[in-house]
Amino acid sequence: MDPLTAQQDAIMQEIARHKGCGSGGGDGKTGCGSTAGRDDLPPEIWEKVKNHPCYSEEAHHHYARMHVAVAPACNIQCNYCNRKYDCANESRPGVVSERLTPEQAARKVVAVASTIPQMTVLGIAGPGDPLANPAKTFRTFELVSRAAPDIKLCLSTNGLALPDHVDTIAGFKVDHVTITINMIDPEIGARIYPWVFWNHRRYTGVEAARLLTARQLQGLEMLTERGILCKVNSVMIPGVNDRHLIEVNRAVKERGAFLHNIMPLISAPEHGTVFGLTGQRGPTAQELKTLQDACEGGANMMRHCRQCRADAVGLLGEDRSAEFTTDKIMAMDVSYDLDGRRAYQARVEEDRQSRVEAREAELRTLDGHGGASGVTVLVAVATKGSGLINEHFGHAREFQVYELSAAGAKFVGHRRVDLYCQGGYGEEDSLAGIIRAINDCHAVFVAKIGGCPKADLIAAGIEPVDGYAHDDIATSTIAWFKSYLDRIGRGEIVHAARGDALIRQGGLIALQSLNVA
Amino acid sequence: MALKIVASQCTGCSACEAECPNQAISEKAGTFIINPAKCTECIGHYDNPQCAAVCPVDDTCVIDPAVPRYQAAS
Ligand code: SF4
Ligand code: SF4
């Protein structure tokens, strides 16, 4: 056995041994919902994913991924999809990615990686299914691995064609594959998938779903056997597969999935999807979190997926794709600076390491402040990356949500919002929208905030906090949590639970046109 | 003797192009078209027209009434 295979074997055995993260045991570890935290994964896997923006929220503050849309065809039909647009749940509804040839895609990757040294991961996710377009997908991988050998390759698929391509995937050293698995029960699948196209035939109903689930689970097993890390995405569809996803979580964990990402259904009539038109709703923030919590002991949960568009470029919710249109990249003069990229990434690692210690020190002082009282609160944070509270309230396109408890600050998700600060009309509406989006939070941390929104937030019972501008998120939120517990201890305030929050469904098309303008 | 693609409904996804056993389908200005001289309605290859089976938009790959139905050589 060659050394690489031996190493992969060891990793796979480690996965097999690793049983959940034990965050329920009250052992004070930072919980595993922080998206594959250091304590939750075997060290070998942590090594592989710690700098991967799609698997670790913390890494997403420092590293960026990009997707290229080379795969327009699909081999299944989903009720949450309108094929005029990109996949509504893998990507954002109402968005059309710019389609590229493999040659254009490889050029774009080199151009982006030369401009943005944080860009370390290339994904192919659609707009169709990459494995329904195997020639285009693998040609892109071939060209990129030649031109930019340090870029990690990953792939998202519905799994139908996966068993046929596992060996090619392994050959390209693709180390991460994402499979979207929404059910393991064909009766439930029949309500999600009207048909699949396989082996030159269209299958419908329960037969289609039975075929799909068999192929998905077989593909998952084949990948884990070969040491390829496998993440599972599931779309939570209330009343259809919500409780069933607990069984899905168990089934995919048994077969070696190292992360399970449950995403909310995004559905509105204007998306033109079957679910949008039949009025099928998406889950609320609390319903989503309850389900993620129920699955937590299973495969590690991932909560930071932004369902970004298939040609997105950038850190966090940022999208710089407008800088890299086909016309612009074809005109760019690019040379690939591998050493410069490595040096940049080494500096990022130093910074990350030094901040981990400060966080741990802050956490150790929590006990003296009633940290053991069992109080947990959610807080929202405006950030544009680097793990800092560094975004102005009015400029935030999304808020990150952390759960504060005796165990520390645990990332539990993020909420997209409309820009409050668009200078002009609609400000009142967008502020109300932001409050609805973070209504389950006790406080919102920002670098800066104006007087008016401040007053409205306070009136809504959400404390605006601007005293930790440009400081580390985890350290600052724990410092604030200490003072919150102190105020409870002194009887100044009474801790009360907050309500639920809304996951935004509409308005994405408008947001998109703003991005480009 | 052929199918045709209703251009106003075609999303340009290219799924049909890859499935056609006769390379009868190609892209033209963002949508796809079928060359009626090459299309055999998949007769002799598959039980049903592949383009229609894979197309995500119902009734987009349809029999073209303007051309006579394909007759397999006997
Ligand atoms: S019916 Fe068959 S031969 Fe004709 S265009 Fe469609 S796939 Fe090609
Ligand atoms: S499969 Fe249908 S939608 Fe896709 S390119 Fe062909 S005709 Fe157009």
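The values are calculated or read from the model by the stated rules, or taken from the named source; none is laboratory data. Just so we're clear, the structure is a prediction, and the values are computed from it rather than from any experiment. Note that we place each Cβ from the backbone using ideal geometry, even for glycine, and neighbour counts take in every protein chain shown.
Here are the criteria: (1) at pLDDT 90 or above; (2) within 30 Å of A:I266 (Cα to Cα); (3) of a type outside the set (D, E). Tell me which single one A:V465 does not satisfy.
(2)
Residue-wise test of (1) of a type in the set (F, W, Y); (2) within 11 Å of chain A (Cβ to nearest Cβ); (3) under 16 Å from A:A73 (Cβ atoms); (4) without any contact (Cβ under 8 Å) to a residue 24 or more places away in the chain.
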| site | (1), (2), (3), (4) |
| --- | --- |
| B:A2 | no, no, no, no |
| B:C16 | no, yes, yes, no |
| B:E19 | no, yes, yes, no |
| B:F32 | yes, yes, yes, no |
| B:V54 | no, yes, yes, no |
| B:D58 | no, yes, no, yes |
| B:D64 | no, no, no, no |
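Would you pick out the residues in the stretch A:181-191 that are surrounded by fewer than 23 Cβ atoms within 10 Å (Cβ to Cβ) and in contact (Cβ under 8 Å) with a residue 40 or more places away in the chain?
A:I184, A:D185, A:I188, A:R191
What is the residue count in the stretch A:146-198 for residues that are at positive phi and of a type in the set (G, A, S)?
Counting residues in the stretch A:146-198 that are at positive phi and of a type in the set (G, A, S) gives 1.
Quick one: which of B:Q50, B:Q9 is surrounded by fewer than 21 Cβ atoms within 10 Å (Cβ to Cβ) and either near ligand 1 (Cβ under 9 Å from one of its atoms) or facing another protein chain (nearest Cβ under 10 Å) (or both)?
Unique residue meeting the criteria: B:Q9.
Please find, within the stretch B:21-30, the residue that is farthest from ligand 1 (Cβ to nearest atom) out of those that are part of a strand (DSSP E or B) and within 12 Å of chain A (Cβ to nearest Cβ).
Result: B:E27.
Which of the residues that make up the stretch A:149-160 are more than 22 Å from the chain's Cα centre (by Cα) and buried (at least 21 other Cβ atoms within 10 Å of the Cβ)?
Within the stretch A:149-160, A:L160 is the sole residue that qualifies.
Listed here are the residues, each with its yes/no results for (1) away from every other protein chain (no Cβ under 14 Å); (2) among the aliphatic types (A, V, I, L, M); (3) buried (at least 24 other Cβ atoms within 10 Å of the Cβ); (4) in contact with a Lys or Arg (Cβ under 6 Å, 6 or more places away or on another chain).
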| position | (1), (2), (3), (4) |
| --- | --- |
| A:H200 | no, no, no, no |
| A:V206 | yes, yes, no, no |
| A:A214 | yes, yes, no, no |
| A:M222 | yes, yes, no, no |
| A:L229 | yes, yes, yes, no |
| A:R243 | yes, no, no, no |
| A:M263 | yes, yes, no, no |
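Here's the yes/no breakdown for (1) closer than 23 Å to A:L277 by Cα; (2) free of Cβ contacts under 8 Å to residues at least 12 places away in the same chain:
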site: A:G159; (1), (2): no, no
site: A:H176; (1), (2): no, no
site: A:H200; (1), (2): no, yes
site: A:A208; (1), (2): yes, no
site: A:L223; (1), (2): no, no
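Quick check, is A:V206 of a type outside the set (S, T, N, Q) and in contact with a strand residue (DSSP E or B) (Cβ under 7 Å, 6 or more places away or on another chain)?
So A:V206 does not fit the description; no.
If I ask for residues that are under 17 Å from the mean Cα position of the chain (by Cα) and more than 29 Å from A:V494 (Cβ to Cβ), which ones from the stretch A:377-403 would you list?
The answer is A:T383, A:K384, A:G385, A:S386, A:G387, A:R397, A:E398.
Restricted to the stretch A:275-287, and to residues that are in a helix (DSSP H, G or I) and touching a strand residue (DSSP E or B) at 6+ places or on another chain (Cβ under 9 Å), which residue is surrounded by the fewest Cβ atoms within 10 Å (Cβ to Cβ)?
A:E287
Which members of the stretch A:434-485 meet the condition of being within 27 Å of the chain's Cα centre (by Cα), over 18 Å from A:V375 (Cβ atoms) and of a type in the set (D, E, K, R)?
Scanning the stretch A:434-485 gives A:R436, A:K448, A:D466, A:D471, A:D472.
Filter the stretch B:36-47 down to residues that are more than 8 Å from the chain's Cα centre (by Cα) and near ligand 1 (Cβ under 10 Å from one of its atoms), then give me how many there are.
Qualifying residue count, the stretch B:36-47: 8.
Residue-by-condition table, conditions (1) away from ligand 2 (no atom under 12 Å from the Cβ); (2) aromatic (F, W, Y):
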position: B:V6; (1), (2): no, no
position: B:E19; (1), (2): no, no
position: B:Q23; (1), (2): yes, no
position: B:E27; (1), (2): no, no
position: B:F32; (1), (2): no, yes
position: B:C42; (1), (2): yes, no
position: B:D64; (1), (2): yes, no
position: B:P68; (1), (2): yes, no
